[in-house]
Amino acid sequence: MPVLHRKLIRDLVASVGTLLTVIAIMGIGTGAYVGLGTSQRILEESRADYYRQYRFADFWISLKKAPRSAAERLAAWPEVASLRTRVVFDVLLDVPDAARPVTGRLLSVPSTGYAQSINGIHLQRGAGFSEDRDEEVILSEAFARAHGIEVGDRLHLVLNRRRQAFTVVGTCISPEYVYLVRGPGDLIPDPTRFGVLYVKERYAREVLDFKDACNEITGQLTPRGRRQVEEFLARADRLLSPYGVLDLVPRSRQASHSFLHDELSGLAVSATVMPGIFLAVAALVLNILMLRLARRQRTTVGTLKALGYSDLQVTLHFLGFGVVVGLLGGLCGCGIGLGLAAAMIRMYRQFFEFPSFAYSVQPDLMLIGLLVSVAFGALGALRGVLAVLRLQPAEAMRPTPPERGGRIALERLGWLWRRLGFRTHLALRSVFRNRVRSLTGVFSAALATAIMFMALVMYDSFVYLVDFQFEQVVRSDVDLGMRDEASRAALLDARQLPGVQRAEPLLGVTCDLRHGYRSRRLAITGLSAGHSLTAPRASDGAPIRIPSTGLVLTRKLAELLDVRVGDLVELRPVRGRRTVRRVPVTGEVDSYLGLDAYADLEYLAGLLGESSALNSLQFRVDPGAQADLFRAVRSLPVAQGMNVMADTRANIARTLVETSVVSIGVMIVFAGVIAFGSTLNSALIEIGDRVRELSTLRVLGYGPAEVAGILVRQGLLVFLAGLLLAFPLGYLMVSGLARAYDKELYRLPLVIRFDTVLQTIGLASGFMLLAQVIVYRQVRSLDWLEGIKVKE
Amino acid sequence: MSETDPILRLEGAGRTFRMGEVEVTALAEADLAIRSGEFLAILGPSGSGKSTLLNLVGGTDRPTTGHVWFGDTDLAAMRDHELTLYRRRVVGFIFQFYNLVPTLTAEENVQVATELVGDPLAPAAALELVGLSSRASHFPAQLSGGEQQRVAIARAIAKRPRILLADEPTGALDLVTARQVLSILQGLNRREGLTILLITHNPALADIAGRVVRLASGRLADTRENPNPIDASDVTW
């Protein structure tokens, strides 16, 4: 081994304490890249394979009822590669173990070849449909697992007002329900409350009165059609409008796909931003170490040059420090990344269902991570290397010019300065004289604290979102969907159900809302006068009364349609008479999930040309009588779906605890490494540079705590300056995040509480103080008798 | 040792430094020929321009005026990489404070030089020449000042340089140790015919050289031939 390499290794070993922190920060950066990148790739590849193999559709058109001939006309269009018609119904299930009725979505599938059909299903357990019986059902795997249903069990369904027993012949997963949610309003899958049931095509049509008809068309497009999917759907809407087009969904808006897509794009962003931040900080800290190394090895550099080492050789030698540090950081990072990816894939398995979703090592990502880490290491070493390079051998031989002495600006404030004591003087002078070092410290502290702040604010925002949507806006205990629109009489009947303390009607009407060229199809919710179980709210949380005329839109919807209160929008129901009306926007409310619009129930019914219709009910229920209500609902023929809000809240809260707390915890620890590492690093450098000064103080009779106090003061000054910057920086980060997550599916409210600020300061101070403990131990173990002999 | 061909020739070589607004002349235009195989002492008080002259000869600096001829090439006109090659192949440096790499052993410090050239002395052989074979695996911190300087000499000669430049080599040593170090230098000159340029502020040391050039305030004050140099072991101050 060339002797300079040996020197390099020994120099590295000698400064291992300071380098470890850089290596740790680099390791986290590379780890984030490898871990997030690996998760992203595995998720993406699993999705692509799954979609291709099971022919995931490009569009869904849900209809009131359309004849087969209509679908055949659509199938003949050149951009349609293939399509399939089916029957889709939400049903109430009688699951033996469940205390409450469960909502299921019934989908018809071909009795043979269901794996190869569009939106094919992948059988997990069981043998699938037989030829003997019609009453067979295949359940979504997660749903069966959640309820302990085994293949061979029997299940009762109420179909077309007839209660029928089905035999479970298999469990399956499907590309349509990788993320098992009912629709865009659902945030988190809950297989105890929602599952998909696949029944034989022919049988479903017969039982549900859809002979030669369907209520959903789904299909795949040619590559050209895929590029113009919105335009295709608009034309399909015109073709199929006589049959009541309830919804037109391109793949990009399909609920499961959207969640998966958002997760993937979030991963892609994190896999760039996180490593960027950590590697940049590591490079900054390394930069300081290298400048110091260059200063300390000034004579060695001169000697090497005088001996005849070329600039290139000396450069490569010093660059070697950065490269080795980058390499070590990169290797740690690969390890961290593998662990992170394995943990993330484990977490994703709870939410996403794929036929094959296995963790695998991605050597190329590890190699790239390693190279990037090495590049940042070299970047961090660059200024030190340039300092070495600029050094002329003759100049390097001369003793180092004395460090800049003199006064700092603060000393002009005599009365303040005199009050501070000499140890604070030493700390202040050192902070102001080593500007690059201090600024790096300030920046690292600010960044670390800002990341912690962001993590905590994200948690608060999530909690706020859940509270806003599921406590403040929806205030009911149980929501009950009805099969068809019912009259006021149904409401009166419902009030007689056991345990019901209050019942309010809702009318959901799917409409096209258009303003200029912008349009959206969504269900407008009609609320009765005096409603209290659904309480739309403004951004500040104040409830908004729904006026007797006009529409109240949620902020995001108004933004998408580009309308303000007072503007007129075109409203066209997708079924019934489908007359276009121009209605005023009379209010705006906030919402963080999906897109909503509200209107007075009577007003909405009037627009449809009906009077006092309703299609779902909201209940406030006496907690003691819930079981009675559930029993009663099960035998209610008009009931189609039921939602127990307490379960929804509990599920979301549980998931929030399970996943957010972990990821936020990881983020805080990662940021803590920056705060801890950069503080410790500059203190260790300080000790190294000032051995003689600190030793002299010890000889004079100062105790280790008093000497360490100088360094602690210095660290504290830098940390406090960092804190001042941290919150503006943190605010920029969270508002950026809120902007990034301002999507149709969900939005992140920006919730900044004063105690979150305090918590952040507490956390960041904790990491900083931890570093100071080590500083104190270093000072205590300082060999000060040797230290006073050190030549400076 | 009576070769008279100059190995190096300063021709009106001067060096000025800019210190802010003022221009300081470290070395006024100097003419000097260094003969191959001679032991030349440059004597002068601190600030007289000794080190500047050494830097010009050693290729660690360039003159601002005049020329430094090595054979028929002018160091003043050399580019950086040519100067590097010059230092690598022609010159051996010995410094007042030894300038050993603290994290390398004695032998490894010599290797730092030997790895640079094609046909070096073996590091062990170089250490033997300075009587330090037994200390080869010691780190600088484990060696006395004299021993460190001997390692530095071993490092300088291991490259088989054409000229050895010693800048106050005994400046940090006591008399007894200084004699050892000087004896090694004198031996190298006498036995191997190595050209040596010794820079010192101590007149007592100059007596071991065959020729003494005195510098004062950046100028060559006088040159004295010393046909009968004393033995290094007889040096005293």
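The values are calculated or read from the model by the stated rules, or taken from the named source; none is laboratory data. What you see is a predicted model, and the numbers here were worked out from it, not measured in a lab. Here the Cβ positions follow ideal geometry from the backbone for every residue, glycine too, while neighbour counts run over all protein chains shown. The protein model used for the area step is the full one, side chains on, heavy atoms only, and it has no ligands, DNA or RNA in it. Shrake-Rupley method; radii C 1.70, N 1.55, O 1.52, S 1.80 Å.
Scan the stretch A:1-30 residue by residue and report those that are more than 11 Å from chain B (Cβ to nearest Cβ) and either open to solvent by 20 Å² or more (accessible area, probe 1.4 Å) or in contact with a Cys (Cβ under 9 Å, 6 or more places away or on another chain) (or both).
Taking the stretch A:1-30 first, the residues more than 11 Å from chain B (Cβ to nearest Cβ) are A:16-30.
The answer is A:V16, A:G17, A:L20, A:I23, A:A24, A:M26, A:G27, A:I28, A:T30.
Test of understanding: among A:R163, A:R182, A:R145, which residue is out of contact with any Asp or Glu (no Cβ under 7 Å at 6 or more places or on another chain) and part of a helix (DSSP H, G or I)? Steps first, answer last, please.
Numbers: A:R163 fails: part of a helix (DSSP H, G or I); A:R182 fails: part of a helix (DSSP H, G or I).
Only one candidate passes the filter, namely A:R145.
Pick from the stretch B:164-181 the residues that are over 16 Å from B:A126 (Cα atoms) and of a type in the set (A, V, I, L, M): which of them is most open to solvent (accessible area, probe 1.4 Å)?
B:V176
Scan A:V269, A:V273, A:V281 and give me the residue that is crowded, with 21+ Cβ neighbours inside 10 Å and either within 30 Å of the chain's Cα centre (by Cα) or within 14 Å of another protein chain (Cβ to nearest Cβ) (or both).
Details: A:V269 fails: crowded, with 21+ Cβ neighbours inside 10 Å; A:V273 fails: crowded, with 21+ Cβ neighbours inside 10 Å.
On inspection, the qualifying residue turns out to be A:V281.
How many residues are open to solvent by less than 40 Å² (accessible area, probe 1.4 Å) and among the hydrophobic types (A, V, I, L, M, F, W, C) if we restrict to the stretch A:325-342?
5
Can you spot a residue in the stretch A:306-313 that is within 22 Å of A:S678 (Cα to Cα) and either hydroxyl-bearing (S, T, Y) or within 14 Å of chain B (Cβ to nearest Cβ) (or both)? Lay out the reasoning, then the answer.
If we filter the stretch A:306-313 for residues that are within 22 Å of A:S678 (Cα to Cα), which is where we start, we get none.
Within the stretch A:306-313, not a single residue is within 22 Å of A:S678 (Cα to Cα) and either hydroxyl-bearing (S, T, Y) or within 14 Å of chain B (Cβ to nearest Cβ) (or both).
In the stretch A:767-792, what residues are outside any loop (DSSP other than H, G, I, E, B), of a type outside the set (F, W, Y) and surrounded by 14 or more Cβ atoms within 10 Å (Cβ to Cβ)? Explain how you work it out, then say what you get.
Pass one, the stretch A:767-792, residues outside any loop (DSSP other than H, G, I, E, B): A:767-780, A:784-787.
With the extra rule that they be of a type outside the set (F, W, Y), the set shrinks to A:768-775, A:777-780, A:785-787.
Selection gives A:M768, A:L769, A:L770, A:A771, A:Q772, A:I774, A:V775, A:Q778, A:V779, A:G787.
Test of understanding: among B:E128, B:E115, B:E82, which residue is open to solvent by 20 Å² or more (accessible area, probe 1.4 Å) and closer than 13 Å to A:L307 by Cβ?
B:E115
A quick yes/no check of all residues on (1) among the hydrophobic types (A, V, I, L, M, F, W, C); (2) within 27 Å of A:F143 (Cα to Cα); (3) in contact (Cβ under 8 Å) with a residue 24 or more places away in the chain; (4) not in a helix (DSSP H, G or I):
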{"site": "A:Y198", "(1), (2), (3), (4)": "no, yes, yes, yes"}
{"site": "A:F210", "(1), (2), (3), (4)": "yes, yes, yes, yes"}
{"site": "A:G225", "(1), (2), (3), (4)": "no, no, yes, no"}
{"site": "A:S256", "(1), (2), (3), (4)": "no, yes, yes, no"}
{"site": "A:S270", "(1), (2), (3), (4)": "no, no, yes, no"}
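If you check B:A136 against the conditions, is it open to solvent by 60 Å² or more (accessible area, probe 1.4 Å) and more than 10 Å from every other protein chain (Cβ to nearest Cβ)? Spell out the reasoning first.
On the way: open to solvent by 60 Å² or more (accessible area, probe 1.4 Å): no; more than 10 Å from every other protein chain (Cβ to nearest Cβ): yes.
No: the conditions fail for B:A136.
Read through the list (1) on the phi > 0 side of the Ramachandran plot; (2) open to solvent by 60 Å² or more (accessible area, probe 1.4 Å); (3) in contact with a helix residue (DSSP H, G or I) (Cβ under 7 Å, 6 or more places away or on another chain), then give the number of the only condition that B:Y98 fails.
(2)
Look through B:Q142, B:Q111 and report the one residue that is without any contact (Cβ under 8 Å) to a residue 24 or more places away in the chain and more than 14 Å from chain A (Cβ to nearest Cβ).
Step by step, each of B:Q142, B:Q111 is checked, and only B:Q142 is without any contact (Cβ under 8 Å) to a residue 24 or more places away in the chain and more than 14 Å from chain A (Cβ to nearest Cβ).
With the requirement that a residue be part of a loop (DSSP other than H, G, I, E, B) and of a type in the set (A, V, I, L, M, F, W, C), what does the stretch A:166-179 give you?
Taking the stretch A:166-179 as the starting set, the residues that turn out to be part of a loop (DSSP other than H, G, I, E, B) are A:174, A:178.
Selection gives A:V178 alone.
Since A:G526 meets every condition but one in (1) small (G, A, S); (2) within 19 Å of A:E610 (Cβ to Cβ); (3) surrounded by fewer than 20 Cβ atoms within 10 Å (Cβ to Cβ), which condition does it not meet?
Going through (1) small (G, A, S); (2) within 19 Å of A:E610 (Cβ to Cβ); (3) surrounded by fewer than 20 Cβ atoms within 10 Å (Cβ to Cβ) one by one, A:G526 breaks only (3).
Condition test on A:L291, is it open to solvent by 30 Å² or more (accessible area, probe 1.4 Å), at pLDDT below 90 and in a helix (DSSP H, G or I)?
On the way: open to solvent by 30 Å² or more (accessible area, probe 1.4 Å): yes; at pLDDT below 90: yes; in a helix (DSSP H, G or I): yes.
Judged against the criteria, A:L291 is a match.
Show me the strands (runs of 3 or more DSSP E) found entirely inside the stretch B:22-106 where at least 2 residues are more than 12 Å from chain A (Cβ to nearest Cβ), free of Cβ contacts under 8 Å to residues at least 40 places away in the same chain and over 26 Å from B:P120 (Cβ atoms). Full working, then the answer.
Values: elements: B:22-35, B:39-43, B:65-70, B:91-94.
Ranges flagged: B:22-35.
Can you tell me which condition A:G322 does not meet? The list is (1) open to solvent by less than 10 Å² (accessible area, probe 1.4 Å); (2) in contact with a Lys or Arg (Cβ under 8 Å, 6 or more places away or on another chain); (3) more than 10 Å from chain B (Cβ to nearest Cβ), and all the others hold.
(2)
Can you list the helices (runs of 4 or more DSSP H) lying wholly within the stretch A:329-420 that have 3 or more residues being modelled with pLDDT under 85? Outline the logic, then answer.
Numbers: elements: A:363-390, A:393-397, A:414-419.
By residue number, A:393-397, A:414-419.
If B:R35 satisfies all but one of (1) open to solvent by 20 Å² or more (accessible area, probe 1.4 Å); (2) in contact with a Leu (Cβ under 7 Å, 6 or more places away or on another chain); (3) of a type in the set (K, R), what's the number of the condition it fails?
All conditions pass for B:R35, except number (2).
Scanning the stretch B:12-21 for residues that are charged (D, E, K, R) and more than 12 Å from chain A (Cβ to nearest Cβ), which turns out most open to solvent (accessible area, probe 1.4 Å)? Let's see the steps before the verdict.
Initially, the stretch B:12-21 is screened for residues charged (D, E, K, R), giving B:15, B:18, B:21.
When the remaining residues are screened for being more than 12 Å from chain A (Cβ to nearest Cβ), the result is B:18, B:21.
On the way: B:R18: 152, B:E21: 170 Å².
The qualifying residue most open to solvent (accessible area, probe 1.4 Å) is B:E21.
For the stretch A:335-381, which positions are under 27 Å from A:F143 (Cα atoms), touching a helix residue (DSSP H, G or I) at 6+ places or on another chain (Cβ under 6 Å) and aromatic (F, W, Y)?
Across the stretch A:335-381, the qualifying residues are A:F354, A:F357, A:Y359.
For the stretch A:222-243, state whether one or more residues are away from chain B (no Cβ under 14 Å), open to solvent by 20 Å² or more (accessible area, probe 1.4 Å) and over 30 Å from A:V574 (Cα atoms).
Looking for residues that are away from chain B (no Cβ under 14 Å), open to solvent by 20 Å² or more (accessible area, probe 1.4 Å) and over 30 Å from A:V574 (Cα atoms), one finds none in the stretch A:222-243, hence no.
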